[in-house]
1. Given the peptides A:204-210, A:249-255, arrange them by the average over their residues of other C-beta atoms within 10 Å, most packed first.
2. Got a sec? What order do A:C28, A:C54, A:C406 fall in by accessible area at 1.4 Å, biggest, i.e. largest, first?
3. For chain A, which longest stretch is free of loop sites, where a loop site is one of the GluC sites (Glu not before Pro) that DSSP puts outside H, G, I, E and B and that has at most 13 other Cβ atoms within 10 Å?
4. Kirkwood Rh over alpha-carbon pairs of the protein assembly as shown, then Stokes-Einstein at 37 °C and 0.692 mPa s: what D in µm² s⁻¹, rounded to an integer?
5. Round to a whole number: what % of the accessible area of the protein assembly as shown belongs to carbon and sulfur, probe 1.4 Å?
6. Apply the Karplus parameterisation 6.51 cos²θ - 1.76 cosθ + 1.60, with θ equal to phi minus 60°, to every residue of the range B:122-127 and state each ³J(HN,Hα) to the nearest whole Hz, in sequence, with x for glycine and proline.
7. Which whole-Hz couplings ³J(HN,Hα) result when phi for each residue of the range B:158-166 is put into the Karplus expression 6.51 cos²θ - 1.76 cosθ + 1.60, θ = phi - 60°, listed in order with x for Gly and Pro?
8. Need the list of aspartates and glutamates near A:K147 for cross-linking: C-alpha distance under 18 angstrom, and skip anything on the same chain fewer than eight residues off.
Amino acid sequence: MAVFPDTIALIGVNHKTASLDLRERLACTAGYEGPLAALSRLESLKEYYLLSTCNRVEIAFVGDDVRRGRTEILAALFAPRVKAAELEPHVYQYEQSRAVEHLFQVAASLDSMVVGEAQILGQMKEAYRIAAKTGGTGLVLNKLLHKSFSVAKRVRTETRIGASAVSISYAAVVLGRKIFGDLTNKRVLLIGAGEMAELAAEHLLNQGVASVVVANRTLERAVSLARRFRGSAIALAELQGQLQHVDVIISSTGASELILRKEDVRRVMRGRRNRPLFFIDIAVPRDLDPAINELDNVYLYDIDDLQGVIELNRADREREAVKAGRIIAEEVLKFERWLENMASTPTIIQLRNLMEDIVRSEVDKTAGRIGATSTLQQEALEKMALAIASKMLYHPLKYLKAEDHCLSLEERIHTVRTVFDLDEAADQAQPGGPSHA
Amino acid sequence: MSFLLFQVSLILYLLATAAYLVFFFKERAAIRKNARLLFILAFALHSITIIVRYFEAGYTPITTRHETISFFAWSLGCCYLSFCWRYGVKNLGAFVSLLVLTLMSLAAFAPRATVSLSPQLQSGWLPVHASLSLLAYGFFALAGVGGLMYLLQERTIKRKRFGLFYSRLPSLEALDTLNHHCLSVGFPLLTLGMITGSLWAKQALGSYWRWDPMETWTLITWLLYAALIHQRFTVGWRGRQAALLSIAALVVALFTFWGVSVFFTGYHGSFS
């Protein structure tokens with residue numbers, strides 16, 4: 001890849017490197033337009049794309065000075081809110097094939113908090129759509145992002161990596177149907193706001209659930225999540241009262257102690273006139289007292305129980321992860337090949353330009369010498385010279401473009417450039433032209 | 001004639017049950033449609049059997065053991081069809097048709113001769129009182145079947161071991177609706193059956209209530225169902241408790257229906 005003059009780089013923070021608190025401060029909550037405009041003012045970036053979700057903020061860019069690009073991006077996007085010194089230790093940075101690989105992994109949901117959840121792909125597509133619309137992406141990032149979408153699709157269809165993430169939501173819906181018959185007009189309560197809980201809630205909403213109530217430790221987050229589901233937000237303290245009105249409860253807080261005990265739920269059942277309650281506890285450690293399941297008309301499932309519904313065991317998942325890794329490695333190689341071919345384009349253009357220059361100057365000289373003054377004669381001369389030149393160039397160009405050579409593209413480019421002395425010519429003609437290391 | 005018709009409808013019930021059972025295990029929608037068609041056909045023929053027997057015997061055929069069991073099976077079929085016309089309950093047909101088939105076989109083994117009615121029974125009240133009571137028992141039997149299915153399904157969901165029944169049984173809500181429907185139709189029918197019975201008794205025997213064993217046990221049954229309905233509508237008893245009590249009440253009802261005439265003697269005699 002060294003022949004490609006610019007570097008593809010990716011910097012960002014995600015749920016593995018930064019705390020939720022930091023991620024929340026970094027997230028582009030006001031939409032992409034502002035931050036993208038800020039990026040467009042940076043001269044070190046030739047192409048850029050920005051993704052911001054609750055679990056990651058990432059910028060992929062193309063430029064010739066990665067270090068400068070990184071410093072400028074961090075300053076432009078986060079400077080007033082987060083100091084560089086605070087941010088720096090959490091930022092990861094990938095270049096070239098590692099950046100490509102990372103982007104593929106993110107798209108295929110291998111880098112997600114809940115591996116295999118499909119939401120991230122939609123978020124990426126949306127981020128790309130806006131970046132492309134505002135002119136942020138160019139030839140390389142367009143190709144790279146489109147490729148990452150197709151890689152994600154390939155991983156999804158060829159492996160069962162998504163099955164376990166889907167299984168939680170799926171099992172919740174299937175079980176919900178066995179208990180309630182019909183999920184329309186049922187109300188869902190989310191306690192805490194994990195990715196998996198959101199996913200399950202979304203799935204339930206798709207099944208026609210009437211409304212979603214969100215309870216969270218920080219009310220602010222509850223409110224923002226509730227807005228996404230067009231539901232309402234409550235404080236954790238109001239939990240007991242809410243149990244009267246909801247039917248499905250998905251709990252996923254980070255609390256180390258139980259949030260609801262058997263007695264709490266028993267008290268509620270009388271007020272509910274024994275209408276069934278379906279608890280789903282996907283928190284680790286558990287939020288809900290396992291004894292709740294002993295109550296009549298109350299059903300409690302924890303994460304292991306739900307896995308059991310789908311029966312996808314651990315060994316399966318590990319095998320699928322290996323398979324997904326292989327697909328991604330394969331696709332990274334393919335992308336590198338494309339990038340290399342891209343690299344031969346400047347050489348071809350340069351070669352053509354060189355030939356045209358020679359033709360033009362020789363035609364001028366000859367025309368003056370033989371006294372061909374009419375434009376008709378000049379054109380005939382030029383036509384002939386160009387024909388000879390392009391016939392001469394045919395084989396060198398074919399040599400550059402051909403796929404099945406025993407020599408690497410890099411070497412072939414080097415040979416052609418040496419033979420035609422292109423680097424010297426380029427230095428003389430256009431100092432800023434592409435050079436290769 | 002009615003003998004032959006009965007025979008044919010018995011065979012049709014057998015086929016319907018077989019089809020329902022195949023559907024239960026194979027879960028293919030086409031089979032279910034055929035099973036329902038067979039069941040409706042059998043039920044229609046069974047209805048004709050009863051009408052034909054009415055003309056053959058010259059009295060309402062809810063008198064001998066054969067007739068009452070056959071009529072009980074008919075009313076169960078009637079309740080089932082009335083319910084699945086309004087709600088869909090997956091695989092209820094398998095359970096109900098099995099029960100109907102069992103009842104029909106019992107009826108087939110009972111002596112089928114028509115009898116001459118004692119003067120006491122020759123009354124316009126007979127068809128009203130007997131059919132109302134038996135229809136009520138039909139609804140209670142359906143509630144009991146639903147209760148059994150509820151307990152099976154509830155156990156699966158609580159224990160989280162998803163075996164044979166999980167995917168094949170309907171949702172808990174559907175079964176609870178079934179229970180609700182059966183009780184709210186069956187209970188008024190039983191009450192009407194008791195009222196007509198007591199009016200008839202006043203007319204034939206001179207008093208409304210004579211504490212005949214049958215009457216006593218019917219009262220116990222009635223009180224049980226009254227309690228169940230009361231709990232359902234006021235406290236919101238449902239699900240498991242309702243299912244359990246429906247089954248218990250059904251056992252008492254069946255004892256009232258059959259056991260009483262075996263263990264006690266009374267003027268209801270050995271009709272069943």
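1. A:249-255, A:204-210
2. So the residues, ranked largest to smallest area, are A:C406, A:C54, A:C28.
3. Maximal segment without exposed cleavage sites: A:44-256.
4. Estimated via Stokes-Einstein, D reaches 101 µm²/s.
5. Using a 1.4 Å probe with all protein chains present, the protein assembly as shown comes out at 59 percent carbon and sulfur.
6. For the range B:122-127, the Karplus curve yields 6, 8, x, 6, 3, x Hz.
7. Computed from phi, the couplings for the range B:158-166 are 5, 7, 6, 10, 8, x, 4, 7, 3 Hz.
8. Partners within reach: A:E47, A:E58, A:E95, A:E101, A:D111, A:E126, A:E158, A:E330, A:E331, A:E336, A:E340.
The values are calculated or read from the model by the stated rules, or taken from the named source; none is laboratory data. If you're wondering where the values come from, they're calculated on a predicted model, not measured in any experiment. Positions of Cβ are generated from backbone atoms using ideal geometry, with glycine treated the same way; all protein chains shown enter the neighbour counts. Note: areas computed on protein heavy atoms with side chains; ligands, DNA, RNA excluded. Shrake-Rupley method; radii C 1.70, N 1.55, O 1.52, S 1.80 Å.
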